[in-house]
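Below: the structure, in structure tokens.
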Amino acid sequence: MNPITYFRPADASEALAHADVGARFIAGGTNLVDLMKEFVMRPAALIDINGLPLDAIAPGANGGLLLGATARNADTAYHPLVRTGYPLLTAALLAGASPQIRNMASNGGNLLQRTRCHYFYDVATQCNKRQPGSGCSAIGGLTRQHAILGASEHCIAVHPSDMCVALAALGAIVHVRSASGERQIDFADFHRLPGDQPERDTTLAAGELITHIELPPAAQFAAHSAYLKIRDRASYAFALVSVAAMLDIGDDGVVRDARLALGGVAHKPWRVPAAEALLVGHPATAEHFARAADALLAGAQGQGENDFKITLAHRAVVRALEQAAAGTHDNTGSNT
Ligand SMILES: Cc1cc2nc3c(=O)[nH]c(=O)nc-3n(C[C@H](O)[C@H](O)[C@H](O)COP(=O)(O)OP(=O)(O)OC[C@H]3O[C@@H](n4cnc5c(N)ncnc54)[C@H](O)[C@@H]3O)c2cc1C
Ligand code: SF4
């Protein structure tokens, strides 16, 4: 077995100096260490980024909020500026994993956690994501957790994050830095569909470090947002389907603006702006919510075992929008 070199740099420049091919950043380690133990990922070097000054949560220049990449998911969820300004994000974070894992998991690591497809974790099986060109054991195999949207003949895996579904609805921006400079990536462009390169989860280049996640201002949605996660048990379970819903409703009951994103259904959080537009200018009623759900799920295709997800997702979208319309629910008291 090859040895792993370990670095603990004090700043981003030093971290990036070590970020050559074969090296991996490590933050909370809650996903990467599991993957290393299962021999799915074997980095030659680990660059521990926990000593970098990237754990702040602070107002951004454009009136939004900047979440540091190494800030923990729990600290982010309970931060007063997140709870009051972005209750959707608080709800999504607290729906993920368990209290212990949220205490370790970082914001940057959450974006880059890998699929939970069981074949990906089982090195005795064929998996195009783990070993390009080897085949996809899930197609024709066990597919209860798999995609109903955006899949390809090479991979039908889904992205497992809850946080990312909220970030998609919020239209977040990912700030990254590499040895050659800095750039910003719109959240809609950050995660990829599998296509013929399922080994690439995101558009991040090798050696790029996530430094911050920027949340645009969203005060207009704070009173009417909901995150609904449907899963097999109440804690420690990934979403079968999840929905992030935000509404801006006028005094006359008419929807002025809307955001919707689905999790657990595709290789990336699933957002269709045309579905959101169907809600605008109409009363916040189940009839209009169902029309938006139809548009959001257009083209959905099951794999047999997971066909139920199409109906489940439709109902979940309507339910989440009803919950958002009724008013944001504070779930910070729940600790599952
Ligand atoms: C039992 C269990 C249940 C879980 N349930 C859920 C759930 O229900 N919902 C959910 O959303 N998540 C769930 N998770 C996943 C958990 O949220 C992720 O493992 C966690 O967010 C990853 O963050 P981390 O800091 O530990 O990442 P790490 O494991 O440290 O890193 C993950 C990846 O990100 C890269 N990375 C980390 N930080 C950066 C950075 N700043 N820049 C560039 N690359 C970086 C690493 O190189 C690695 O490839 C669960 C995990 C476990 C173990
Ligand atoms: S669905 Fe994707 S991750 Fe799962 S076995 Fe197929 S290629 Fe691998």
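The residues of the range 211-237 include none that are at positive phi and aliphatic (A, V, I, L, M).
Here are some residues: 84, 115, 125. Which one is in contact (Cβ under 8 Å) with a residue 60 or more places away in the chain and near ligand 2 (Cβ under 8 Å from one of its atoms)? Steps first, please.
Working: 84 fails: near ligand 2 (Cβ under 8 Å from one of its atoms); 125 fails: in contact (Cβ under 8 Å) with a residue 60 or more places away in the chain.
Of the residues listed, the single one that is in contact (Cβ under 8 Å) with a residue 60 or more places away in the chain and near ligand 2 (Cβ under 8 Å from one of its atoms) is 115.
For the range 222-237, does any single residue satisfy the condition of being touching a helix residue (DSSP H, G or I) at 6+ places or on another chain (Cβ under 7 Å) and assigned to a helix (DSSP H, G or I)? Spell out the reasoning first.
Within the range 222-237, the first condition is being touching a helix residue (DSSP H, G or I) at 6+ places or on another chain (Cβ under 7 Å), and the residues that meet it are 222, 224-228, 230.
Keeping just the survivors that are assigned to a helix (DSSP H, G or I) gives none.
Checked against the condition, which is being touching a helix residue (DSSP H, G or I) at 6+ places or on another chain (Cβ under 7 Å) and assigned to a helix (DSSP H, G or I), the range 222-237 yields no hits at all.
Of the residues making up the range 306-325, those that are surrounded by 14 or more Cβ atoms within 10 Å (Cβ to Cβ) and over 21 Å from residue 224 (Cβ atoms) number 5.
Could you please let me know if residue 86 is surrounded by fewer than 19 Cβ atoms within 10 Å (Cβ to Cβ), at pLDDT 95 or above and aromatic (Phe, Trp, Tyr)? Give the steps one after another, and end with the answer.
On the way: surrounded by fewer than 19 Cβ atoms within 10 Å (Cβ to Cβ): no; at pLDDT 95 or above: yes; aromatic (Phe, Trp, Tyr): yes.
Criteria not met by residue 86.
Taking the criterion of being under 20 Å from residue 235 (Cβ atoms) and more than 19 Å from the chain's Cα centre (by Cα), the only residue of the range 101-154 that qualifies is 144.
Which residues, counting only those in the range 154-181, are more than 10 Å from ligand 2 (Cβ to nearest atom) and surrounded by fewer than 24 Cβ atoms within 10 Å (Cβ to Cβ)?
160, 171, 173, 175, 176, 177, 178, 179, 180, 181
Checking 271, 256, 233 one by one, the residue that is more than 20 Å from residue 323 (Cα to Cα), out of contact with any Ser or Thr (no Cβ under 9 Å at 6 or more places or on another chain) and of a type outside the set (Phe, Trp, Tyr) is 233 and no other. The residue list 133, 195 contains one member that is within 16 Å of ligand 2 (Cβ to nearest atom), without any contact (Cβ under 8 Å) to a residue 24 or more places away in the chain and surrounded by fewer than 23 Cβ atoms within 10 Å (Cβ to Cβ), which is 133. Of all residues in the range 220-255, which are under 18 Å from residue 280 (Cβ atoms) and of a type in the set (S, T, N, Q)? Correct list: 220, 225. Selection within the range 65-81: residues that are buried (at least 24 other Cβ atoms within 10 Å of the Cβ) and either more than 16 Å from residue 103 (Cβ to Cβ) or not hydroxyl-bearing (Ser, Thr, Tyr) (or both). The member of this set that is farthest from ligand 2 (Cβ to nearest atom) is 65.
May I ask you to verify whether residue 96 is touching a residue at least 40 places away in the same chain (Cβ under 8 Å) and either within 18 Å of residue 48 (Cα to Cα) or touching a His at 6+ places or on another chain (Cβ under 6 Å) (or both)? It would help to see each step written out before you state the result.
On the way: touching a residue at least 40 places away in the same chain (Cβ under 8 Å): yes; either within 18 Å of residue 48 (Cα to Cα) or touching a His at 6+ places or on another chain (Cβ under 6 Å) (or both): no.
Against the criterion (touching a residue at least 40 places away in the same chain (Cβ under 8 Å) and either within 18 Å of residue 48 (Cα to Cα) or touching a His at 6+ places or on another chain (Cβ under 6 Å) (or both)), residue 96 does not qualify.
Checking each residue in the range 189-211 for being within 13 Å of the chain's Cα centre (by Cα) and under 18 Å from residue 113 (Cβ atoms) picks out 190, 191, 192, 201, 202.
The values are calculated or read from the model by the stated rules, or taken from the named source; none is laboratory data. Fair warning: this is a prediction, and the values are worked out from it, not measured in the lab. Methodologically, a virtual Cβ is constructed for each residue, glycine included, from the backbone with ideal geometry; neighbour enumeration extends over all protein chains shown.
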